[in-house]
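K.L.:
Attaching a single structure in structure tokens format; questions to follow.
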Amino acid sequence: MKYKPIIGVTPLMDYDKNSVWMLPGYLKGLEDAGAVPVILPFFTEYKDAERCAELFDGFLFAGGQDVDPSVYHEDRLPLCGEISPERDVSESMLFRAASGLDKPILGICRGIQLINALMGGTLWQDISSQYSCKIQHTRIPPDEIPKHDIIISKWSPLYDLLGTDRISVNSYHHQGIREVSPALKVMADAPDGLIEAVYAPAYRFIWAVQWHPELLFETDKSASLLFSEFVNKCR
Ligand SMILES: [Mn+2]
């Protein structure tokens with residue numbers, strides 16, 4: 001009997017509603033790809049994160065609030081959005097523990113930003129004012145419709161997976177990678193040069209994307225392939 005991989009998903013936090021919550025797409029995307037997703041708690045002690053890192057087969061770092069710029073040793077500017085101390089603390093511990101065990105990790109939106117910051121990179125706190133965006137990266141609903149192209153490097157594992165150097169993705173972010181972590185390689189960027197996908201070559205599977213495959217996978221083949229690739233690496 002072959003078991004499905006069990007994948008921990010970082011929980012979302014809504015301060016206005018005082019709620020810990022989850023978007024169904026993160027769970028459904030993993031389920032459709034053959035995994036059992038489990039919503040994680042907020043870790044406050046490293047040993048708890050370490051224990052969960054051992055128990056689960058992989059981890060999805062979900063979208064959400066901005067990463068506190070103190071994580072990449074910068075002051076918080078007025079244009080930085082809401083932050084989540086609970087998520088920063090918990091996900092920093094979880095990433096350290098899970099990457100230490102070389103567990104497969106997929107980062108989405110906040111996930112790519114957090115992983116880059118934790119691995120020594122920096123972020124644009126607000127791309128609209130700090131980066132010369134030539135296309136709109138901030139939200140234009142509906143989120144299930146691709147909004148801009150990305151150009152995929154031909155040497156990258158993302159190219160190997162998708163078999164194309166250009167796909168269209170949705171976009172719902174006001175921050176982005178500024179300096180890439182020395183541990184990460186860029187797999188794709190937008191036509192205006194903003195980084196949209198990275199991976200960590202020294203690890204079994206640490207991939208992260210700036211777009212939202214969890215809102216696309218039901219209609220978009222490249223989004224469902226991304227979930228499948230991650231889930232297969234968790235087996
Ligand atoms: Mn974008």
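K.L.:
Using Cα positions and a limit of under 20 Å, work out the aspartates and glutamates in reach of K185, with same-chain residues fewer than 8 apart set aside.
P.N.:
Those aspartates and glutamates meeting the cut-off are D102, D149, D160, D165, E196, E229.
K.L.:
Just to confirm a number: summing +1 for Lys and Arg and -1 for Asp and Glu over residues other than L106 whose beta-carbon lies under 15 angstrom from that of L106, what do you get?
P.N.:
Every neighbour counted, the sum reads -2.
K.L.:
How big is the range 74-114 by the Kirkwood estimate over distinct Cα pairs, in Å?
P.N.:
So the Kirkwood estimate lands at 11.7 Å.
K.L.:
Further question: With N residues in the chain, what two-decimal value do you get for its Cα radius of gyration over 2.2 N^0.38 Å?
P.N.:
That works out to 0.94 for the chain.
K.L.:
May I ask you to list the lysines whose Cα is less than 28 Å away from that of K17, ignoring any residue fewer than eight positions away on the same chain?
P.N.:
K28
K.L.:
What net charge is computed for the residues neighbouring A190, neighbours being all others with C-beta under 13 Å from the C-beta of A190, Lys and Arg scored +1, Asp and Glu -1? Intermediate results must be reported in sequence, preceding the final value.
P.N.:
Numbers: positive: K134, K147, R166; negative: D149, D189, D192, E196.
So the surrounding residues net to -1.
K.L.:
Sorting check: for 11-21, 198-208, which peptide has the highest mean count of neighbouring beta carbons within 10 Å, and how do the rest follow?
P.N.:
Descending mean neighbour count gives 198-208, 11-21.
K.L.:
On to the next question. Over the range 183-226, how many percent of alpha carbon pairs lie in each 10 Å bin up to the one with the longest distance?
P.N.:
27, 46, 26, 0
K.L.:
Now for a separate question. Expressed in nm to one decimal, what extension gain is obtained for the pair D165 and E74 from 0.36 nm per residue of sequence separation less their Cα-Cα distance? Can you show the working numbers first?
P.N.:
Values: separation 91, 0.36 × 91 = 32.76 nm, distance 3.43 nm.
The D165-E74 span can extend by a further 29.3 nm.
K.L.:
In the neighborhood of P69, defined by Cβ-to-Cβ distances under 12 Å, what is the net charge if each Lys or Arg adds +1 and each Asp or Glu adds -1?
P.N.:
-4
K.L.:
Let me ask you something else. Quick one: work out Rg over Rh on the C-alpha atoms of the range 39-126, Rh as Kirkwood radius. Before the final figure, lay out each step's value.
P.N.:
On the way: Rg = 12.7 Å, Rh = 13.2 Å.
Result: Rg/Rh = 0.96.
Read-outs: derived from the displayed coordinates by stated rules, not from any lab. Bear in mind the structure is a predicted one, so any value in this text is a computation, not a measurement. As a convention, Cβ positions derive from the backbone with ideal geometry for all residues, glycine included, and neighbour counts pool all protein chains shown.
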